[in-house]
Every structure is written in C-alpha cells, then in structure tokens.
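> Pasting a structure below so you can have a look.
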Amino acid sequence: MLIKIKEEVKKQFKVGFLAVAKYPIWVANIVPVPKKDGKVRMCVDYRDLNRASLKDNFPLPHIDVLVDNTAGFSTFSFMDGFSGYNQIKMAPEDQEKNDIHHLVGNVLL
C-alpha cells in the first residue's frame, strides 16, 4: 500500500495538483482507500478542520429543489465527478487549510 501511495503522490506532483508545504498550520491525514483496479484513492480526513471552521449561514438546497429549478431547460451541464475536485481553483489564503500529511512529508493539495 505504501508504494502505491508514493506513486500516487509523485503522479499528482507531476501534474501540479500537489506542492510541498513549508510551514503548515493545518495538516490533515490521508486515508488510503484501495480501488477495484488495484490503484489507491487518497481521501483526506478534514474532521478537525471542519470542527474548527465557522459554519455557513445558509444550507445547501435539497435535491428536489435543484431538480425543480431545472424544469423547462433543454441543456444541463454537470461538473466532472471523476476529477472535478482537482479542477476547482482555491483562494490562495485558503490553500494552507488544505495541507495533508503522509509518510513522505507535508504536501499542499
């Protein structure tokens, strides 16, 4: 499992999804999850950060509201759920909150 995690980290460094975090304040642990194809999905445990973060003043809409709001339109667009997480730009001041720690060292997602 450790070799697969290191391979995934190297791959994500190469494509620019990861960077080294010099002085991380928030560091979350990764949770490696084996996939059916033998690869590893690197999930992140952000429970400590979630507990320390202020909660939004507005709830997310329920699925029935979202579906009702699309009625009458002929075109829909959806974010790619497979790799969409890594395509969302993050505000520079929030990047330090997205640090992870793994056996190789501290990394900024």
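> Any idea which of (1) part of a helix (DSSP H, G or I); (2) modelled with pLDDT under 70 is the one Met79 doesn't satisfy?
It fails just one condition, (1).
> Of all residues in segment 91-109, which are at pLDDT 75 or above and either among the charged types (D, E, K, R) or surrounded by 10 or more Cβ atoms within 10 Å (Cβ to Cβ) (or both)?
Glu93, Asp94, Gln95, Glu96, Lys97, listed by residue number.
> In segment 28-47, how many residues are within 15 Å of the chain's Cα centre (by Cα) and either among the acidic types (Asp, Glu) or within 24 Å of Lys4 (Cα to Cα) (or both)?
Going through segment 28-47 one residue at a time, the tally reaches 13.
> Given Val40, Val44, which one is in contact (Cβ under 8 Å) with a residue 60 or more places away in the chain and touching a strand residue (DSSP E or B) at 6+ places or on another chain (Cβ under 6 Å)?
Val44
> Being β-branched (Val, Ile, Thr) and closer than 28 Å to Ala52 by Cα is the filter here, so list the residues in segment 6-40 that pass it.
Val9, Val20, Ile25, Val27, Ile30, Val31, Val33
> Also, I was wondering about something else. I need the full set of residues from segment 1-18 which are surrounded by 13 or more Cβ atoms within 10 Å (Cβ to Cβ) and within 17 Å of Asp99 (Cα to Cα), in order please.
Answer for segment 1-18, where residues must be surrounded by 13 or more Cβ atoms within 10 Å (Cβ to Cβ) and within 17 Å of Asp99 (Cα to Cα): Ile5, Lys6, Glu8, Val9, Gln12, Phe13, Phe17, Leu18.
Yes or no, residue by residue, for (1) more than 29 Å from Lys97 (Cα to Cα); (2) surrounded by 10 or more Cβ atoms within 10 Å (Cβ to Cβ):
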{"residue": "Ala28", "(1), (2)": "no, yes"}
{"residue": "Gly38", "(1), (2)": "yes, no"}
{"residue": "Cys43", "(1), (2)": "no, yes"}
{"residue": "Phe58", "(1), (2)": "no, no"}
{"residue": "Pro61", "(1), (2)": "no, yes"}
{"residue": "Asp68", "(1), (2)": "yes, yes"}
{"residue": "Ser74", "(1), (2)": "yes, no"}
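The values are calculated or read from the model by the stated rules, or taken from the named source; none is laboratory data. What you see is a predicted model, and the numbers here were worked out from it, not measured in a lab. Heads up, the Cβs are rebuilt from the backbone with ideal geometry, glycines too, and the neighbour counts pull from every protein chain shown.
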